[in-house]
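One structure below.
The values are calculated or read from the model by the stated rules, or taken from the named source; none is laboratory data. All values reported here derive from a predicted model rather than from experimental measurement. All Cβ positions, glycine included, derive from the backbone under ideal geometry; neighbour counts span all protein chains shown. Accessible surface is based on the protein model in full, side chains and every heavy atom, while ligands, DNA and RNA are left aside. Shrake-Rupley method; radii C 1.70, N 1.55, O 1.52, S 1.80 Å.
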Amino acid sequence: MFFFIFFLPYGLVTAELGTTYKDEGAIVDWVNRAFGRGAAARTSWLYWVNYSLWVPAVYYMFAIIVAQLLGMEFTPIVIAIFAVVMTWLTSWIATFDVERLTWIASLGAIFKSAIMIVLGVGGLYVGFTNGFANPFTLADTLPSFGDGATYLPIIIFNVMGFEIIAGAASTFKDPVRDIPKATIIGGILITFFYLLASLGILAVIPLAEISDSSGVIDAFIMVFGDSAAAKTLVWIIGIMVLYTLVSNVVTWAMGVNQTVVYAAQKGLMPKALDKVSETTGMPTTASWANAWMGTATMVAYLIMVKVTGNEDLFWNVFSLGAIGLLASYVMMFPAFLKLRLKDTDVERGYTIPGGTPMAIYCSVVPTLVLLVGLVLFFWAPGAGMDMEYFYTVGTGLLLAVIGGEVLIWKANKEHAASVPAE
C-alpha cells in the first residue's frame, strides 16, 4: 500500500518537475518558483542540515560493524572518534571531481545490490532448509496498523532521494526520456532489493533479536556459519557493507551540497556557502561545514552519554536528522500542484497521466503521509510518548530551526545589499 500512497506519487512528481524545470536546485528551485524565497530558504536549510546530522549516524553504524568484525566492543568515545574521522574523510572525498564521485557511487550500488541478493537468497535458503526464525504466514507477514504507523517515518526516510537525479537534469543527454525511466526503474529495484534483504534477515534472526546497527552482519553470520571459510566470507561482505555506507554518504553529498550552493547563489543561503573548487567544480565550504556540524553532533552525543549514561541516545540525534529530511519535502508536493495549475504554458517533458485529479492525488496524499510521519516520530500508537526522547529531539529541533533562521536572516541581508536601489 505504501508504494501507491507515497513511493509512486513521489517518483511521478519528481519525474515531472525534473523534466520541466531543469535548474540544478531541484527541490529548492521548485519550492522557490511556487511559494517564493521564504519557503525555499527554509526548505534548503532543512534539506541540507538533515544530511549533516545523518552522516554521524551512518558512521556510528560503521564503527559498530568494524567492532563486530574485529570481535570487539567500542566505547562511546571510540565510536565518536570513528564517526568524526570518517565524516571529515567523506567531506574531503565530496570535493573530488564528478567522474570519481560517480565511480564511487556506482561501485557502491553494485556492492549494495550484491549484498542484498546474497543476504536475501542465502537467508531464505537457510530458512527453507533449517526452519525460519520468524513465522511467514500471510497473517504474520502483513503488518498491523500499529506496526505500520511505528515504522512509517523510517520507511519514508529510506526511500527518499529521487530528486537528486532531477537536480542533475542538465547533465542528461535526454532528460525527458532518462529521468522518468531512471525514476521508475530505480523505484522497482529499490522495492525489490529491500524486500528481498528484509526477508533474508527475518528468515534467520528472530525479530526481537535484530540489532538496529549490526543486523546485516548478524544475518550473514547465521547464513554462512562459523567455519574459517565462512568467517572470511563475512569479512568480505562486511567490508562491502562498510564501503556502501561511505558511498551512500558521498552520493547524498553530491545532491545536498549542490542544492545549498544553488540556494546560496540565489541569495537564499549565505553567500559563503556558494564556494566551489576551482579544479573540480564541487562544493567546498558546504562540504567542510558538513564536517564541522557532524563533529558538533558527536560532541553533543558524548555529553548526553556522560550526563545520562544512556548510550542509545544517539538514535535520538539520528531521528532529528530524519525529521529534518521529511520536513524539507513537505512543501515539494504542494509546489508541484501549484506549478502544474499556474504554469500552464510551460512545456513539460513528462506529464503525470490522469489530468488534474491525479495531480491532486500525487500532491495531497504524499503531503499527508509526510505530516503523519513527522507526528509518529514523537508519538507511536499504543506506546504513548517518550518524554526523554521528546525533550532531547525537541531541543535539537528547536536549535536547528533557530540556526536556520539566523542563516536565512544573514542571506536576506546580503541579498538586499546586492540588489540595486531603484
Quick check on VAL401: is it touching a residue at least 24 places away in the same chain (Cβ under 8 Å), within 20 Å of THR43 (Cα to Cα) and either open to solvent by 70 Å² or more (accessible area, probe 1.4 Å) or part of a helix (DSSP H, G or I) (or both)? no
Residue match in region 77-100 (condition: open to solvent by 10 Å² or more (accessible area, probe 1.4 Å), out of contact with any Pro (no Cβ under 9 Å at 6 or more places or on another chain), of a type in the set (A, V, I, L, M, F, W, C) and over 29 Å from ALA400 (Cα atoms)): yes
When you look at VAL276, is it at pLDDT below 90, open to solvent by 20 Å² or more (accessible area, probe 1.4 Å) and more than 30 Å from LEU12 (Cα to Cα), yes or no? no
Among the residues of region 313-331, is there at least one that is in a loop (DSSP other than H, G, I, E, B) and either in contact (Cβ under 8 Å) with a residue 12 or more places away in the chain or open to solvent by less than 50 Å² (accessible area, probe 1.4 Å) (or both)? yes
For region 272-306, which residues satisfy the criterion of being within 13 Å of GLN258 (Cβ to Cβ) and of a type in the set (A, V, I, L, M, F, W, C)? LEU273, VAL276, MET282, ALA286
Here the residues within region 349-367 that are assigned to a helix (DSSP H, G or I) and either in contact with a Phe, Trp or Tyr (Cβ under 6 Å, 6 or more places away or on another chain) or open to solvent by less than 40 Å² (accessible area, probe 1.4 Å) (or both) are GLY355, ALA359, CYS362, SER363, VAL365, PRO366, THR367
Given (1) part of a helix (DSSP H, G or I); (2) modelled with pLDDT of 85 or more; (3) open to solvent by less than 70 Å² (accessible area, probe 1.4 Å), where does VAL346 come up short, assuming only one miss? (1)
Here is a check on your reading of the model: is LEU69 buried (at least 20 other Cβ atoms within 10 Å of the Cβ) and assigned to a helix (DSSP H, G or I)? no
Could you list, in sequence order, the residues of region 214-249 that are more than 10 Å from LEU69 (Cβ to Cβ), surrounded by 16 or more Cβ atoms within 10 Å (Cβ to Cβ), more than 21 Å from the chain's Cα centre (by Cα) and not small (Gly, Ala, Ser)? ASP218, PHE220, ILE221, MET222, VAL223, PHE224, LEU233
Can you find a residue in region 272-285 that is touching a residue at least 60 places away in the same chain (Cβ under 8 Å) and assigned to a helix (DSSP H, G or I)? no
